[in-house]
1. How many residues does region A:210-259 hold that are within 14 Å of chain B (Cβ to nearest Cβ) and not basic (K, R)?
2. Among the residues of region A:225-250, count how many are within 15 Å of A:G154 (Cβ to Cβ) and in contact (Cβ under 8 Å) with a residue 40 or more places away in the chain.
3. Do you know which of the residues in region A:211-252 that are at pLDDT 90 or above and aromatic (F, W, Y) is nearest to B:V40 (Cα to Cα)?
4. Spot the failing condition for B:C156; the list is (1) part of a helix (DSSP H, G or I); (2) within 14 Å of chain A (Cβ to nearest Cβ); (3) of a type in the set (A, V, I, L, M, F, W, C); (4) surrounded by fewer than 23 Cβ atoms within 10 Å (Cβ to Cβ), and only one is missed.
5. Please enumerate the residues belonging to region A:140-153 that are more than 9 Å from chain B (Cβ to nearest Cβ) and of a type in the set (S, T, N, Q).
6. Could you tell me which residue of region A:12-58 is farthest from A:P145 (Cα to Cα), considering only residues that are over 17 Å from the mean Cα position of the chain (by Cα) and away from chain B (no Cβ under 13 Å)?
7. Check A:S135, A:S100 and return the single one that is part of a loop (DSSP other than H, G, I, E, B) and away from chain B (no Cβ under 14 Å).
8. Can you tell me which residues in region A:106-138 are more than 18 Å from A:A197 (Cβ to Cβ) and touching a Leu at 6+ places or on another chain (Cβ under 9 Å)?
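The values are calculated or read from the model by the stated rules, or taken from the named source; none is laboratory data. Since we're looking at a predicted model, the values are computed, not measured. Heads up, the Cβs are rebuilt from the backbone with ideal geometry, glycines too, and the neighbour counts pull from every protein chain shown.
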Protein chains: 2
Amino acid sequence: MDNRPIGVFDSGLGGLTAVAEIMKLLPGEDIVYFGDTARVPYGTRSENTIMRYVREDIDFLKSFDIKAVIMACGTASSVSLPRIRKEYDIPIIGVVEPASRAAVEATKNGRIGIIGTSATVRSRSYEREIMSLCSGAKIFTAACPLFVPLVENGRCDPDDVVLYTMVEEYLAPIKAEGVDTLIMGCTHYPIIERAIAKYMGEKTALINPGLEAAGYLKQSIGAAQNASGGSCRFFVSDDRDGFSENASKFLGKSLCGEVELKTVGK
Amino acid sequence: MDNRPIGVFDSGLGGLTAVAEIMKLLPGEDIVYFGDTARVPYGTRSENTIMRYVREDIDFLKSFDIKAVIMACGTASSVSLPRIRKEYDIPIIGVVEPASRAAVEATKNGRIGIIGTSATVRSRSYEREIMSLCSGAKIFTAACPLFVPLVENGRCDPDDVVLYTMVEEYLAPIKAEGVDTLIMGCTHYPIIERAIAKYMGEKTALINPGLEAAGYLKQSIGAAQNASGGSCRFFVSDDRDGFSENASKFLGKSLCGEVELKTVGK
């Protein structure tokens with residue numbers, strides 16, 4: 001047993017969809033969450049800037065003597081993971097490997113769709129991972145840069161014309177290719193899963209990256225699992241009040257405990 | 001005559017609508033522009049974070065021995081200007097005073113609408129300025145947090161259902177109050193002026209903050225005007241390629257000269 005906490009970070013609120021899944025699967029673990037709300041979003045930024053932000057995020061989490069890091073951010077996982085792993089001495093788990101594995105298991109026709117931020121799609125991270133697991137897969141990608149601002153502004157209702165128009169526009173080319181599995185490659189997207197499912201149809205398997213990363217974490221820590229904890233500390237780099245208000249939507253329940261402020265990039 | 005350049009900054013691309021107006025009104029001035037694209041948007045962040053970012057932006061511009069700063073950002077002008085002016089020894093011109101003055105001159109019925117980012121509306125900056133000029137004015141405000149991401153994602157067509165639905169939703173309460181003048185209180189908004197005008201009707205005067213700030217600058221520098229320059233250097237904190245692509249839309253013409261990278265917040 002290893003009672004050190006697990007560190008989780010995201011550019012903002014999206015990573016809380018992963019925290020929710022970790023709390024269900026590993027209820028005895030202590031969690032330290034960091035949301036970089038002073039610099040959100042990451043998905044429209046360049047590789048160099050994302051690398052710099054990710055290092056600062058992990059350095060902060062490491063100050064809590066954590067036993068592992070979950071990069072609960074599709075963009076950070078896509079752009080930085082292979083290089084970042086070489087720089088740190090603790091396990092770092094992203095969302096790309098677990099979600100890709102789940103997609104390969106789920107697909108029957110070998111046709112897989114991937115949606116994510118501009119940086120995620122540009123990185124081709126999910127494509128590389130899927131092809132290494134199943135070289136015959138046919139992969140179709142779409143960047144959905146407006147999904148994060150829409151989710152952060154609370155436009156999550158499948159009947160909202162603004163959200164649904166964007167869902168149709170972004171997903172039409174992927175749907176036309178007959179995919180039977182779609183990776184929601186950004187931890188914000190499970191919040192609009194109902195709108196995505198409405199457009200794609202109920203036969204399409206939707207892969208939730210936070211859920212898959214939580215499963216992967218459980219496997220990874222194995223016997224080092226903590227059964228005696230269950231606490232969660234939340235840190236953000238900006239606007240603690242706004243965070244508490246919105247966080248419950250992502251977490252699926254209200255935040256227990258205070259949200260603390262941590263300045264980064266100073 | 002003072003041949004030192006004028007410094008202009010914004011969180012990202014919006015400030016280029018002000019640069020375009022300065023180039024028209026003061027074609028002999030040299031301009032140094034800084035767009036903080038590694039931390040855009042400012043309008044959803046807290047006051048402390050915005051103050052910190054603004055100081056770093058001005059410190060960078062001051063390294064060019066500038067004679068004045070234009071804060072071509074509704075959020076920065078609203079949140080930081082009175083305090084920031086006390087910290088620096090050169091003139092700092094925001095968009096709130098010039099746009100408020102223009103609105104008071106334009107209105108016939110004394111009913112003025114203001115739209116801006118969440119931080120701008122929360123600051124009540126335009127309201128204070130207008131009331132100091134015309135204490136009988138009736139003011140109606142609306143935060144429009146999705147306008148910046150919509151503009152930055154190129155959704156500027158008045159016939160676009162996504163943009164026009166948001167215009168209707170944000171502006172309906174203001175239109176219902178019978179305003180005859182509307183301040184587009186963010187330098188991104190002139191890019192969607194046609195959609196705003198379509199909804200508000202042609203009788204509503206729309207105030208463009210960048211245009212008004214350029215006029216104010218011309219008055220302010222008076223005899224110190226430069227007639228022999230006309231160059232423009234562009235700096236961004238992230239993704240130079242993306243900037244060049246989008247900048248021409250804001251500037252109304254293609255960028256002449258290279259875009260340079262300047263890292264901030266390190």
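1. Result for region A:210-259: 11.
2. Matching residues across region A:225-250 total 6.
3. That would be A:F235.
4. (1)
5. Residue satisfying the conditions is A:T141 alone.
6. Only one residue fits best here, namely A:G28.
7. Answer to the check: A:S135.
8. A:S125
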